1. What are the ³J(HN,Hα) couplings of region 370-387, residue after residue, when phi is run through the Karplus curve with 6.51, -1.76, 1.60 and θ = phi - 60°? Round to Hz, x for glycine and proline.
2. What does the accessible area of ARG370 come to, in Å² to the nearest 10, when a probe of 1.4 Å is used?
3. Once ligands and nucleic acids are excluded and a 1.4 Å probe is used, how much of ILE151 is accessible, expressed in Å² to the nearest 10?
4. Considering only C-alpha atoms, what is the centroid distance from region 199-277 to region 74-134, in Å?
5. Amide H of VAL347: which non-local residues (sequence gap of 5 or more, or other chain) have their own amide H closer than 5 Å, using H built in the peptide plane?
6. On a 1.4 Å probe surface of the protein chains, which of LYS383, LYS278 comes out largest in accessible area, and what is the full order?
7. Consider the candidate values (i) 1.33; (ii) 0.95; (iii) 1.25; state which one is Cα Rg over 2.2 N^0.38 Å computed from the structure displayed.
8. So what's the net charge close to THR350: Lys and Arg +1, Asp and Glu -1, counting the other residues with Cβ under 15 Å from its Cβ?
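The values are calculated or read from the model by the stated rules, or taken from the named source; none is laboratory data. The structure presented is a predicted model; accordingly, all values stated were derived computationally and were not measured. When we count neighbours, we look across all protein chains shown, and the Cβ atoms used for this are built from the backbone with ideal geometry, even at glycine. Just the protein is used for accessible areas: all its heavy atoms, side chains included, with ligands, DNA and RNA removed. Shrake-Rupley method; radii C 1.70, N 1.55, O 1.52, S 1.80 Å.
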Amino acid sequence: MTREPGELYQVLILSVLLSCVAAWAIAHRYRRRMQQLMRAPRVGDPHESKVRAGEATADYPTAAPFSLVDNRAAGMRLAMLLIASSFLIAGTSACIYCLLKFPGDPLSPWRVIPIALLHLWPVVPALALIWRWSVKRLFATLLLWCAATFIVLLIIGLWRQIEIRPLLLLGAMASDIGLSLALLSLVFLGSATRAIAPWLVMPTAVLVWSSLAGVHAMMYVGEHQPPFAMSLIELLDPWLGWLPWYGVLLLFVLLPWALVWWLVRILGRALGRAYSRKRLSDLLVVFAGVWVFALTDRAVMVVDPLQALVRCSDVVLMDLCGFQAHNAGCRYELTTLACESRDLRVVVLTDGRTDRAAAEEAVASGRQERFTWIEASRFDASKRRQVLESLFA
């Protein structure tokens, strides 16, 4: 796994956890405040407050009559609209999946339809949350959906004479649903989190991203030791020199929050204004939240940019100048290129700072003969010619 998908996983999981903790704290504070107000003695004349309330509502136009039948019809139209939107999202997701996983192949309906069916599962929790099903009913319906999807996919495989291993199919369904369902349960199945946490996921994601940026900044300072940063560390050493290593890490994690807090406030107030002006609703946030969780997890699992690039490449040029053993992303790329089953050539540029032993260890488990190592400390015209000849050999 490359560093970018790993970070996307971290942001998704930590944002959900942070938003749930904040939702529980807000709900507890709200409940306690409401109990205080309910126990407080009544102040003023209740008759006078009723008169003022009647005068305030007198200017509003009378609402059109709306019967129970009208309400049921509107609910049915809304459900059909959300189901159609879910089919559209699942179909689009399946097409993107096929384009990335099978580059160069035409989009076949019998390849897109099973994947779209597999990607359609979020429609069940989305409708369950909108219709306020019980937890037992939600999971029972989802289990029936998975069983029906499993049978349909097996039938399609038999009909199209495609070898489908049942255990492999079950594993694919579990990997597609597992993490997303756990995050959805954490956010949407609690009484406090369902009402508050979906609105906090975006602001907390900004905080998590800032913390990751702070950790990367700390790692960059430790590796490269830029003069400005070292001078600042020497200046602050009398005040912060007593901190242990985990204190320094916590400082780099939390200090960026102070820098982006203004952005979080702007985002939170924008969401509040959109809700008060009826541009957003709980229904829309819940429905979009269910699908965003599922699509984000799927993007991390199925979209590996390196894998997609390797499948459509015949030769790869890789710059390892300055590579060290702790560069996990580069080691992952080397191992992936070495273990690729397709015929592939890899031209690798190195210099005096390259940890050649660590690089060769990363490719030791694969086909080492496909790698051409070029020392490129001095990149002049002759070196460019050598690289081009290696690429077009």
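1. Karplus-based 3J(HN,Hα) across region 370-387 equals 7, 9, 10, 9, 10, 7, 10, 5, 10, 9, 10, 5, 5, 5, 4, 5, 5, 5 Hz.
2. Accessible area of ARG370: about 10 Å².
3. In the full protein context, ILE151 sits at about 100 Å².
4. Between the Cα centres of region 199-277 and region 74-134 lies a distance of 37 Å.
5. VAL316, LEU317, MET318, THR372
6. Highest to lowest solvent-accessible surface, that is LYS278, LYS383.
7. The calculated read-out lines up with (i).
8. Values: positive: ARG331, ARG353, ARG356, ARG378, LYS383; negative: ASP319, GLU333, ASP351, ASP355, GLU360, GLU361, GLU375.
Once positives and negatives cancel, what remains is -2.
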